[in-house]
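The structure appears right after this line, and notes come after that.
Please treat every number below as a calculation from the coordinates, not as lab data. Just so it is clear, the model here is predicted, and its values are computed rather than measured. As a convention, Cβ positions derive from the backbone with ideal geometry for all residues, glycine included, and neighbour counts pool all protein chains shown.
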Amino acid sequence: AQTVTQSQPEMSVQEAETVTLSCTYDTSESNYYLFWYKQPPSRQMILVIRQEAYKQQNATENRFSVNFQKAAKSFSLKISDSQLGDTAMYFCAFMKHAYSGAGSYQLTFGKGTKLSVIP
Amino acid sequence: DSGVTQTPKHLITATGQRVTLRCSPRSGDLSVYWYQQSLDQGLQFLIHYYNGEERAKGNILERFSAQQFPDLHSELNLSSLELGDSALYFCASSPRRAHYNSPLHFGNGTRLTVT
C-alpha cells in the first residue's frame, strides 16, 4: 500500500514571498503520478500541479513548481510570489500508474498542510 | 466551477438514520469516485464506478453502498449512521479512468453531521 506524508501541519508566509511545502511518499511502484491539490475555505478540491514519475523534469504551472526527487521519494511544492488567494489546505496525492492493477485510478492523500498567506 | 454537482451541500441527521448523497458528474465523464474527508482519517477513497459498474472499493464500510445510474449520476447511501460518520463526502469524476492526463474533478462536497 502507498502512504503519503506531509510533515508540516501548518505554515505561514508573507504576501509576495516564496514558500515550500513538503511531501514524502512510500511505494514499491516504479511508475506513478503525483499531484498537489488545493482546498480553499470554499472546500472545493482544486488541482494545482501534477507530475509523472518517469519524467525527470520538474513540473511548473505559473507560480507553482515542484521539486521531484524520485530516489528520495520526495515531492515538494514551491509557491512563488505568494498571494492572499493561496491561503488554503494543500494536499499531496499519489496515484498508481494506469496499468498497475488493483489500486490504479485511486488517489492516496496526505493529511494536508494548512497554508496562511499574511498581508 | 468543476462541473461536478453534489447535493445536498449540508445534511444533519441523527444516529441510526439513513441518508443518500447525490452526485452528477461533469458532462461526458464516465467515472465517478467517492471520497470521505474526516478530521482524524483525512481524505480516503471509498468507491469507484465506471459507466455504471463498480470498479474498485477502498475503505468503505459495509453500512455504506453506492450506485451509478444509466444517466451516469451516482448516489452514496449511508445507513445506520454513527457519530463517526460525520465528514465531508466528495464526489469526483473523470472522462474515463483517472490518470495523469485525465485527472479528477471534484465537486464541492456534502457536509454530513450526525448528532
Q: Return B:Glu53, B:Glu75 ranked ascending by Cβ neighbour count within 10 Å, so the fewest neighbours appear first.
A: B:Glu53, B:Glu75
Q) Taking the Cα-to-Cβ direction at A:Ser12 and at B:Thr20 and moving 7 Å from each Cα, how far apart do the two end points lie in nm? A) 4.7
(Q) Name the residue from A:Gly112, A:Ala71, A:Ser12 whose Cα lies farthest towards the positive end of the charge dipole of chain A, charges +1 on Cβ of Lys and Arg and -1 on Cβ of Asp and Glu. (A) A:Ala71
Q) When Lys and Arg each count +1 and Asp and Glu each count -1, what net charge do the other residues less than 15 Å away from B:Gln37, Cβ to Cβ, add up to? A) +4
Q: Hey, for a label at A:Thr3 modelled as a point 7 Å past Cα toward Cβ, could you say which residues of segment B:37-61 have their backbone N under 16 Å away?
A: B:41-43
Q. Using the count of nearby Cβ atoms within 10 Å as a rough guide to exposure, how do B:Cys91, A:Cys92 rank from fewest to most?
A. A:Cys92, B:Cys91
**Q.** Residue order, fewest to most beta carbons within 10 Å, for B:Lys9, A:Lys111
**A.** B:Lys9, A:Lys111
Q) With a sphere of radius 11 Å drawn around the Cβ of B:Ser2, what net charge do the other residues whose Cβ falls strictly inside it have (Lys, Arg +1; Asp, Glu -1)? A) -1
